[in-house]
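None of the figures in this text is laboratory data; all of them are computed from the coordinates on show. Computed from a prediction, not measured in an experiment: that's the story for all the values here. Quick reminder, even Gly has a Cβ in these numbers, built from the backbone with ideal geometry, and neighbours come from all protein chains shown.
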Amino acid sequence: MSEEGFESWAPAFLDYLYTSFTNATALSPTDTMPLTIRAKMSMMAQSIISLITIVLVAARAVNILS
C-alpha cells in the first residue's frame, strides 16, 4: 500500500486466492508479492507445475521400490 499509484487499490478474489495458495503450498516465494493479477496467476501456475512434478517423481520412486 506504500507504492505510488496504488492508493485506491482494493484486494479482489484472485488476490486472496493467490495469498492462500502460497501459504498452503509453501512452493511460492513468500517474501515477494507480485502486483498484477497476471503475475500472480503465472506464479501460481508455476507452483502448481512444481507440485505436480514432485508428486509424479515421488510416485515413480515408490513404484520402483515394489
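One table, with the values for the structure above:
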read-out	value
Exposure rule at most 13 other beta-carbon atoms within 10 Å, DSSP loop chymotrypsin sites (Phe, Trp or Tyr not before Pro): the chain longest free segment	10-66
Gain on full stretching of the segment that runs from Ser42 to Ala26 - 0.36 nm per residue minus C-alpha separation	4.2 nm
Contour excess over end-to-end distance, with Cα ends at Asn63 and Leu17 and 0.36 nm allotted per residue	13.2 nm
The chain - convex hull of the alpha-carbon atoms, volume per residue in Å³	83 Å³
